[in-house]
Amino acid sequence: MSPAVQRTVVWSCRLALIGILLVAWVIAINHSKIAMFFLGSPKVIAEHLFQWFATGKIFRHLGITLLETMLSFVIGCSLALVLGLWLALNDILARICDPFIKGLNSMPRLIMAPIFAVWFGLGIWSKVALGVTLVFFVVFFNVFQGIREVSPVLIANARMLGARRRDLVRRVYIPSAMSWVFSSLHLSVGLAFVGAVIGEYLGSSAGVGYLILEAEGTFDIETVLAGVILLTTCALTLDYIITLVEESLLKWQAK
Amino acid sequence: MLRTLHERPRTRSAKGRTGGFFTTMSAAALDLRGITCTFPAPSRDAEPYTAVRDVDISLGDGEFVAIVGPTGCGKSTILNVAAGLLAATAGEVSVFGTPLAGINSHAGYMFQAEALLPWLTARGNVSLGLEMHGVARAEATQRADAWLERVGLAGFEERYPKQLSGGMKKRVALAQTLVLEPRILLMDEPFSALDIQTRQLMENELLDMWSADRKSVFFVTHDLEEAISLADRVVVMSAGPGTKPVAEFKVDIPRPRDVTEIVQSPHYLDLHRRIWEILKKEVLKSYERGKTMVPVG
Ligand SMILES: Nc1ncnc2c1ncn2[C@@H]1O[C@H](COP(=O)(O)OP(=O)(O)OP(=O)(O)O)[C@@H](O)[C@H]1O
Ligand SMILES: [Mg+2]
């Protein structure tokens, strides 16, 4: 099979799967009141989604969720990069901090959400804080590993070519760390998004998570599912964008 | 070999030195005296390992010296000491008459393992040293491209190491080292990973470049044939531990040489036989001490 044919097959199967699910869904709700109560009607869900975009109501909420995602990601990454570099290049410091970092990382972060709400209020910053705690550790461990795993021969070579400490950091350690960070972009962006939505869900006045929370309060299952579908689409789109970014950033890793 | 030493015009920095004529004349490019390297024990019940002991080797200005010896005997260790990357446990290194402290800034080093930065293109790798020495981007790039062309890689400037063949990577590494115009060249089995044809091509290229500006070269190799065809002098190292030079041979085969033809000359065959006799003993010793061995010859 040629790649083009393969692609067609893959896509038609995917669409067929969605079609089958939808049909099964419609049949189920037509035959049972209980299914109708638990699942809602796909048609109403589609209408909700359409209304959100048609009236423009959704853009403010979506914008806030994405802003929180972006802020969590950028702040989490920057902190992790600085701290990761600093610790990876200071053996003693790394040994001192090791149990604290492992401890903080194994702490269940979601429990912190109410505390962040107290510290940072119900606005976007409590959600950003939650996202940052999720993103930070993934990136931090990658930066740390990326720097520790630099081959000694690369360092020796750079030094023979005239690298001083500053050059080593800029031209060897950081690029090596970045390659590890990029390879975990899917995970870290995904976590930033999860942090934002969960934060909203646990208490907020705006954002897609807030819409879902509000609808759940009135057992409006269709709005909840519309929100979930919107979030899933966003997550997939983010993931796709990251794949594109990766391809251009990690050109040197391609075979 | 003496001829090459004396015919060679004095370089600028040697001329500019305040020492008299004779001190300049006698300063070897590299002088290793009484070098001992002991590596700490890997675990508590193991012994520290003395790889090389009391090694004296010198490299004349403009001389090409090959170092051969059994695998694991300490050849790379000696180059690392000469490069200033590894501090010897005992002994002294002097570079053009000055004691070495820290990195040897006169030396360029082609490593045994692959050492190109994978996130830089061929051009980026070659211009790296220039940029770190404060050369402006544009000029560094231009000089890097000129060197890539010289090693036969015009058109491959934008490739990343992953996209180059083994031989091409070695060429980039050669350009990366030579673009800084070091007066001393340390080469650790630079061509051993290459197939025989590519290797002979690169050996001939190296000889051409070397005869153009007579750098002082320390060339480590497993391969006696390569050592004899390239060098002015071949130093044979003993089996480890406590390696030291056991014999030294002058190679008075006239230059310019062609490595593909030289191996048929009777002079070469005679030298090869005499050196191999000694090297073989060391290789066998090293083998008997339970080390891995790659016999050559
Ligand atoms: N950092 C180190 N720690 C402990 N032992 C080392 C270290 N570096 C080298 N050695 C030991 O010192 C000896 C000499 O190593 P070296 O790399 O110099 O050998 P070599 O002659 O270059 O070998 P080859 O021809 O296989 O490259 C070896 O037995 C090796 O195990
Ligand atoms: Mg070696």
Could you check, for region A:207-224, whether at least one of its residues is more than 11 Å from every other protein chain (Cβ to nearest Cβ), surrounded by fewer than 17 Cβ atoms within 10 Å (Cβ to Cβ) and closer than 30 Å to B:H106 by Cβ?
no
Give me a count of the residues in region A:148-166 that are touching a residue at least 12 places away in the same chain (Cβ under 8 Å), within 14 Å of another protein chain (Cβ to nearest Cβ) and part of a helix (DSSP H, G or I).
3
Note on B:A239: of the conditions (1) more than 16 Å from ligand 2 (Cβ to nearest atom); (2) more than 14 Å from every other protein chain (Cβ to nearest Cβ); (3) touching a residue at least 60 places away in the same chain (Cβ under 8 Å); (4) of a type outside the set (D, E, K, R), unmet is (1)
Selection over region A:167-202 where residues are farther than 20 Å from B:N125 by Cα and touching a residue at least 24 places away in the same chain (Cβ under 8 Å) yields a count of 22
Would you confirm whether or not region B:93-114 contains a residue that is in contact (Cβ under 8 Å) with a residue 40 or more places away in the chain, within 11 Å of ligand 1 (Cβ to nearest atom), under 25 Å from A:R164 (Cβ atoms) and among the β-branched types (V, I, T)?
no
Per the filter on region B:31-57, residues free of Cβ contacts under 8 Å to residues at least 60 places away in the same chain and either within 16 Å of ligand 2 (Cβ to nearest atom) or not in a loop (DSSP other than H, G, I, E, B) (or both) are B:G34, B:I35, B:T36, B:C37, B:T38, B:F39
Criterion: within 16 Å of ligand 1 (Cβ to nearest atom) and either buried (at least 18 other Cβ atoms within 10 Å of the Cβ) or polar (S, T, N, Q) (or both) - qualifying residue of B:T221, B:T260
B:T221
Restricting to region B:42-58, name every residue that is within 18 Å of B:C73 (Cβ to Cβ) and surrounded by 12 or more Cβ atoms within 10 Å (Cβ to Cβ).
B:Y49, B:T50, B:A51, B:V52, B:R53, B:D54, B:V55, B:D56, B:I57
Return yes when B:R233 is under 13 Å from the mean Cα position of the chain (by Cα) and either surrounded by fewer than 22 Cβ atoms within 10 Å (Cβ to Cβ) or under 26 Å from B:L284 (Cβ atoms) (or both) and no when it is not.
yes
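Starting from residues that are assigned to a loop (DSSP other than H, G, I, E, B) and β-branched (V, I, T), keep the ones in region B:94-143 and report whichever is nearest to the other protein chains (Cβ to nearest Cβ).
It comes out as B:I103.
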For region B:144-167, enumerate the residues that are under 17 Å from B:L117 (Cβ atoms) and either touching a residue at least 40 places away in the same chain (Cβ under 8 Å) or in a loop (DSSP other than H, G, I, E, B) (or both).
B:L153, B:F156, B:E157, B:E158, B:R159, B:Y160, B:P161, B:K162, B:L164
Residue hits (region A:167-223; under 17 Å from A:L89 (Cβ atoms) and either in a loop (DSSP other than H, G, I, E, B) or not small (G, A, S) (or both)) are A:D167, A:L168, A:V169, A:R170, A:R171, A:V172, A:Y173, A:I174, A:P175, A:M178, A:W180, A:V181
Under 30 Å from A:I242 (Cα atoms) and either at pLDDT below 90 or surrounded by 10 or more Cβ atoms within 10 Å (Cβ to Cβ) (or both): does that describe A:S32?
no
Can you pull out the residues in region B:76-96 that are in contact with an Asp or Glu (Cβ under 7 Å, 6 or more places away or on another chain) and within 13 Å of ligand 2 (Cβ to nearest atom)?
B:S76, B:L79
B:H267 passes all but one of (1) surrounded by 15 or more Cβ atoms within 10 Å (Cβ to Cβ); (2) more than 17 Å from the chain's Cα centre (by Cα); (3) not aliphatic (A, V, I, L, M); which number fails?
(1)
How many residues of region B:45-64 are away from ligand 1 (no atom under 13 Å from the Cβ) and of a type outside the set (S, T, N, Q)? The answer is 10
Out of the residues in region B:161-177 that are in contact with a Gly (Cβ under 9 Å, 6 or more places away or on another chain) and either among the small types (G, A, S) or within 14 Å of another protein chain (Cβ to nearest Cβ) (or both), which is surrounded by the most Cβ atoms within 10 Å (Cβ to Cβ)?
B:Q176
Please determine, by comparing only the residues of region B:65-86 that are part of a helix (DSSP H, G or I) and within 6 Å of ligand 1 (Cβ to nearest atom), which one is farthest from the chain's Cα centre (by Cα).
B:T77
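The values are calculated or read from the model by the stated rules, or taken from the named source; none is laboratory data. Fair warning: this is a prediction, and the values are worked out from it, not measured in the lab. Cβ sites come from the backbone with ideal geometry, for glycine too, and all protein chains shown count toward neighbours.
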